[in-house]
1. Find how many whole Å separate the alpha carbon centroid of region A:56-79 from the alpha carbon centroid of region A:16-52.
2. Given region B:73-240, report the % of alpha carbon pairs whose separation exceeds 30 Å.
3. Quick one: helix B:2-38 against the long Cα principal axis of chain B, what's the angle to the nearest 10°, folded into 0 to 90?
4. Kindly list the residues of region A:11-55 that lie in the label zone of residue B:105, defined by a backbone N under 12 Å from the point 7 Å along the Cα-to-C-beta vector.
5. Give the span of the protein assembly as shown's Cα atoms along each principal axis, as three whole-Å numbers ordered largest to smallest.
6. So, R0 is 56 Å and r is the distance between the beta-carbons of residue A:198 and residue B:44; what FRET efficiency does that work out to, to 0.05?
7. Please list the three semi-axes, largest first and in whole Å, of the ellipsoid equivalent to region A:55-291, using sqrt of 5 times the eigenvalues of its alpha carbon gyration tensor.
8. Just to be sure I understand: with springs between alpha-carbon atoms less than 10 Å apart, which residue in B:155, B:261, B:100 has the highest mean-square fluctuation in the Gaussian network model of chain B?
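Every number here is computed from the coordinates shown, using simple stated rules; none is lab data. Please read all numbers here as calculations on a predicted model, not as lab measurements. No Cβ is skipped: glycine too gets one built from the backbone with ideal geometry, and neighbour counts run over all protein chains shown.
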């Protein structure tokens with residue numbers, strides 16, 4: 001009865017909807033259009049009109065060696081997040097769900113880095129990696145070893161991946177732990193009466209029942225890897241050394257706001273969206289298949 | 001005999017489990033503790049003996065952070081930005097969710113679809129046109145240039161969380177209030193909002209933290225270092241004073257400490273807020 005008069009609905013929807021349209025949908029569409037133009041200046045000025053160049057930027061994407069590194073790093077990051085972040089978080093969650101004391105304390109401590117900004121964590125790891133007197137080289141020095149250049153071309157990617165993985169394990173840990181606690185105790189009890197041990201229970205009960213939760217985690221991990229920006233930007237700005245640590249986000253930023261190549265940046269941005277949709281689709285396809 | 005043996009085994013595996021869990025706990029605490037400790041040392045001392053207690057506890061790094069780096073101003077800027085983002089997201093998402101759960105109107109499904117689809121746009125895909133928009137509107141360099149895209153970036157997800165919750169709120173009380181002569185806006189303000197306090201605080205927490213921790217949008221929209229919010233300032237310190245270990249340690253401590261304090265008080269809500277969407281309820 002109360003909601004029979006429809007006009008108030010418009011008042012409630014309109015402000016939010018306008019926000020979505022003005023700051024998400026129109027820019028998203030404009031971005032696609034921009035990627036097809038040669039944007040001489042970021043804002044069109046008289047005398048510097050943009051020229052339509054068609055798919056030139058997209059052809060350039062195919063032959064850009066630095067982009068290939070960035071895509072490679074992003075794909076590696078996706079794999080690493082799924083295996084180490086979600087995998088290790090699952091191990092921790094199973095262990096914590098098996099202990100009686102300190103459960104809450106572990107949750108609190110493990111989750112803490114998630115709350116801290118990637119910028120601060122990046123700064124912290126810079127202090128660890130520094131060649132002259134960084135924490136790691138001080139440790140090496142203490143055991144009588146030569147200092148190591150932690151951000152050398154061969155090591156840099158791994159050294160950037162570590163804090164990204166480390167800082168988010170607590171996030172997946174909490175999600176998986178909640179999933180674990182949703183599995184009824186009765187099932188485990190029935191299984192142990194039938195003589196199924198703790199280890200086998202993990203494989204035959206926990207893992208199958210957790211599939212939907214894993215699907216959520218893997219989707220978040222894969223799409224999250226596409227959004228990586230702050231941490232590598234702080235630890236190794238501009239993909240240092242030699243562009244080897246570029247991720248899609250940092251590469252797009254550098255091209256756009258570092259080199260003022262706005263149209264190529266637009267094409268890169270659109271490519272990131274496409275990759276996100278494809279990645280989410282692939283994960284969705286596999287997880288749905290198995291649930292049936 | 002067997003029972004004792006069994007107990008022993010359980011005990012031993014228990015110790016092993018606690019050791020693994022404890023070690024991981026240590027790995028999350030230790031880096032922060034190391035930074036805190038070194039923030040009280042001169043840079044030269046950090047370089048040589050970063051694991052020892054400071055020879056003399058000094059506050060120079062903190063003094064530098066406030067006087068030379070203006071970290072206090074950066075805090076204020078961040079609080080204004082993230083506070084406005086939070087208020088905007090909470091209000092707009094509550095209004096949207098209210099209309100979407102209480103009214104059947106033409107275009108309702110379209111709005112729902114627009115909300116869900118916009119989750120697939122990472123900030124990269126909209127930032128260049130938004131940047132152009134801010135230049136043309138003369139807003140580049142202002143807090144508003146960060147606030148508006150931050151609200152838009154959180155609004156869809158917040159609305160989806162709010163819709164999920166509002167659906168479960170029974171409609172009886174609203175009907176009763178209507179019978180007594182309340183109009184829709186009173187029902188929204190006096191009944192819906194108070195009933196949704198818990199999920200609104202979830203939305204508030206993740207919007208605030210997301211905005212407070214973001215570097216990307218801040219970096220693009222604000223170039224004047226007297227107007228920097230906190231992440232921006234930290235990045236500058238990192239790139240310009242990267243060899244001043246003491247200052248870096250103090251800066252990290254200064255950004256982590258307030259978050260740590262809030263986290264200790266509100267940890268349950270914060271954990272819930274940041275995992276919202278992944279976990280039902």
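1. 23
2. Working: 3839 of 14028 pairs.
Here the long-distance tail beyond 30 Å is 27 percent of all Cα pairs in region B:73-240.
3. Orientation of helix B:2-38: about 90 degrees from the principal axis.
4. A:11-18
5. Between the extreme Cα coordinates on each principal axis of the protein assembly as shown lie 75, 69, 48 Å.
6. 0.60
7. 37, 26, 13
8. Looking only at B:155, B:261, B:100, the largest GNM fluctuation is found for B:261.
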